[in-house]
Each structure stands twice: as structure tokens, then as C-alpha cells.
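Only one structure is covered here, and it is reproduced in the block below.
The values are calculated or read from the model by the stated rules, or taken from the named source; none is laboratory data. Since the model is a prediction, treat every value here as computed from it, not as a measurement. Backbone-built Cβ (ideal geometry, glycine too); neighbour counts: all protein chains shown. All accessible areas refer to the heavy atoms of the entire protein, side chains included, with ligands and DNA or RNA removed. Shrake-Rupley method; radii C 1.70, N 1.55, O 1.52, S 1.80 Å.
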Amino acid sequence: MTETRQLSLAALDPPAPPPPPHPDQTRNSPPPHPNPAGGLINPILVEPTGERFTIIAGDQRARAAHLLGWTHINATIREPTNHHQTTQLRLAENLQRSDLSPIEEARELYQLQHDHHKTIPQIARLVRRRELWVEQRLALLLLPDDLGPLVHQRQLAIAAALALARCDDERHRNYLTQYAINEGASAHTIAMWVESWRLTHNLAQSTGAPPPPLFAPSGAPVVYMQCSTCHAQFPHTDLRIARHCDACLEILNQPTSTPP
């Protein structure tokens, strides 16, 4: 059974362990205001521990109420549950914080998935998010070491980082990353760059052709691709798409001493 009533802030104990603060927050930074209108939108969730109460969900709201000078707060009191369920609720509550970076969100989700054996659909329901949102953040934990910190510091968007991760050439990936940050390239543009690199890289490996040159950072990006006949690298704007019947295509594919 549960009941909701006003509790004294002095009778509340924080969760153990309390949720970690955001790394970019200073020690004196206030937590979010409970409600700009001056009230509490949702009661916090607590469990009785003797004559006191332990916060299960809503620690940030309780701390904000304390800083605002409140003496009491609306709380839903529920019967004590096992530690496993309590931890899950705390993780889900922590994921509602707006100050978490995508990497921090990913770590919380990983804990739900591996420590609590939750599936993607179960996690999505618990944190009230779409399954794609959960999958994308879990994928961030597989990012190369050079991309993860940029996502954590919000210098690189999630979709952009996941696209760049498909380039396994560290030097070229770093080049594209810096260019993308400096020029503000969209995730779609970055994905096109990476896909072009993957195509030319695979062709170069199969034919022994040199890798495509890097475009000048000071100019507009130029995507270089390999000619299917002579295997030389050209800007994609200089290449043409031709339609051939099977008979003509067979003739074109015949080996010649000199490229046509």
C-alpha cells in the first residue's frame, strides 16, 4: 500500500549511494528547481526506515526544495521493497535528469541491462523512452576512445559520433572529426563522408590503388571516389554514371593493356 502526504525535509535521508553529480557541475551549483511555478509537479517517492524515510526517487527535487527554504514536501510513502527493485527505481529516476550527458545516460542504461538483466524493451518502459533511444545510448559505450569524450562534452552529436565510428582508420577519423566540429557538419553529411571513405578504402584494398587524398580543411569538402575502370581517384563531381546493357558491360569489363 502507498499513501501521499506532506513530510518534513528534516525526516528524509538521501538514497544510498546517492546519484553522482554531473562532472561539469560545481560543488555549489544548485539542483534543478522543483517547479518554476513554486510547487511540486510530482511527489517524491520514499520508504519508511524506522521513524525516518529514505528517498527512493526524487532526491534532486528534495534538495532543490531545501535550497528554496521549504520545510515540507509532498511524498508518496510505499512499503519497503527489496534492494534490487529499489536500485532499479533510482537508476530510472536518475535518467530523468536533464544535466546528464549522453555518455552518463549510457552508463546508467548499461547498469540496468547487465547488473539487473533488463532487456531493451524493459529498459525503455522503465525509463519511459523509445527503444531506439536506449539502443543509441548503449552503442555510445562502444565508441573509440577519441569520440566518447567529445560526446560527453557535447562537442559532437550522438548520430555524428556513431557515423564517425564506422571509419576504422584512426588518422582519417580524427581528420573528419575535427573538420566536422569546426565546420558544424550535420550527421547526414558526416555519414556520407564516412560511406565514401569506406567505398574507396575497400576498392583501394582490392586493387592496390593509393588511398584518396584528404580535402583541404579551409575549403569546401570534396569527396574523392575511385574510377571503376582506371582505379584513379577523382572528385565525385567529375565521375559519371553510365547505363550499359549486359553485352556492352561484358566488353567494358574485358581486361585491356590501356584503360579506355
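Quick one: would you say L9 is over 24 Å from I158 (Cα atoms) and modelled with pLDDT of 80 or more?
So L9 fits the description; yes.
Within region 106-120, can one find any residue that is at pLDDT 90 or above, β-branched (V, I, T), crowded, with 18+ Cβ neighbours inside 10 Å and over 15 Å from L45 (Cβ atoms)?
So far as region 106-120 goes, no, none of its residues is at pLDDT 90 or above, β-branched (V, I, T), crowded, with 18+ Cβ neighbours inside 10 Å and over 15 Å from L45 (Cβ atoms).
Can you tell me which residues in region 143-181 are in a loop (DSSP other than H, G, I, E, B) and of a type in the set (D, E, K, R)?
D145, D146, R154, R166, D168, D169
Taking the condition at pLDDT 85 or above, closer than 15 Å to P14 by Cα and not acidic (D, E), does A75 pass?
yes
Criterion first (of a type in the set (A, V, I, L, M, F, W, C) and touching a helix residue (DSSP H, G or I) at 6+ places or on another chain (Cβ under 6 Å)) does I56 satisfy it?
Considered against the rule, which asks whether it is of a type in the set (A, V, I, L, M, F, W, C) and touching a helix residue (DSSP H, G or I) at 6+ places or on another chain (Cβ under 6 Å), I56 comes out as yes.
So is D168 charged (D, E, K, R), at pLDDT 85 or above and out of contact with any helix residue (DSSP H, G or I) (no Cβ under 6 Å at 6 or more places or on another chain) or not?
Judged against the criteria, D168 is a match.
Among what's in region 160-185 and is small (G, A, S) and open to solvent by less than 50 Å² (accessible area, probe 1.4 Å), pick the residue that is nearest to L109 (Cα to Cα).
A161
Taking into account only those residues within region 121-138 that are in contact (Cβ under 8 Å) with a residue 24 or more places away in the chain and within 11 Å of the chain's Cα centre (by Cα), which is least open to solvent (accessible area, probe 1.4 Å)?
V134
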